[in-house]
Amino acid sequence: MPRWSTPKIARDHFAQVERALYTLPTRLIGRTLDARADRSLVRFYDRGRLVKTCTKLPPGGRHIDPEDYPEHKRGYAMRDIEFLQKTADELGPSISAMARRLLDNPLPWTRMRSVQALISLARRYGAERVDATCVTALAHDMLSMHRLRRMLETAVAETKPEPTRTLPPGRFLRPSQHFALNPTTTTTTTTTTGESS
């Protein structure tokens, strides 16, 4: 059965359908389209008119069509890329290296979303923790932001201390003053005992 959805075209030309990304022409940026996904194809419709057909990809896949990026727009995209790289440079050396690896692509603007996710992770988990995790990721040539986020979540879970259990207050617990000896009562008791003897 075909499945319909209404993806919105983002600034980086991508639309998401069933957790896979597909590029569309610049003129459709900001528009909400109708997408029909079946077993092998994804079709995009703008107000009932077919605008693009793509081969369906598994979740996490990316379909990049260079024709969707006109020449006169590439300068603007490159300026955004320079800004993202500069932001990553300020967060740490390994974060900077990770961003550089992501953007080392014939179509670097198609990786902007991954760099934005990297910067968001640094703001959420702290630049030092993300920078240390990027060292491990780069050593294993791992550039997936989903896996990097899972690595961070695991590291945070391992360092989180176990919550201390506090006992609830006793329902019939009496204050310590209740058990204090009353000197007046003790003296009276002793005197009474001496007279009777």
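Projected onto planes of every orientation and averaged, the convex hull of the alpha-carbon atoms in the stretch 71-158 covers 5.4 nm². Label-to-label distance, residue 136 versus residue 104, with points set 7 angstrom from Cα along the beta-carbon direction: 2.2 nm.
The ratio of the alpha-carbon radius of gyration of the stretch 1-152 to the globular-protein estimate 2.2 N^0.38 Å is 1.13. For the pair residue 19 and residue 153, label points projected 7 Å from Cα toward Cβ lie 1.1 nm apart.
Taking label points 7 Å from Cα along the Cα-to-Cβ direction, residue 11 and residue 89 give a separation of 2.0 nm. Can you tell me what percent of all Cα-Cα pairs in the stretch 3-68 are more than 19 Å apart? That fraction is 17 percent. Sorting the segments 56-67, 100-111 by their residues' average number of neighbouring beta-carbon atoms within 10 angstrom, most packed first, yields 100-111, 56-67. Given a Förster radius of 35 Å and the C-beta distance between residue 4 and residue 146 as r, what FRET efficiency does 1/(1 + (r/R0)^6) yield to the nearest 0.05? That gives a FRET efficiency of 0.85.
Bear in mind that the values in this text are calculations on the coordinates, not laboratory data. Please read all numbers here as calculations on a predicted model, not as lab measurements. Here Cβ is always computed from backbone atoms with ideal geometry, including for glycine, and neighbour counts include all displayed protein chains.
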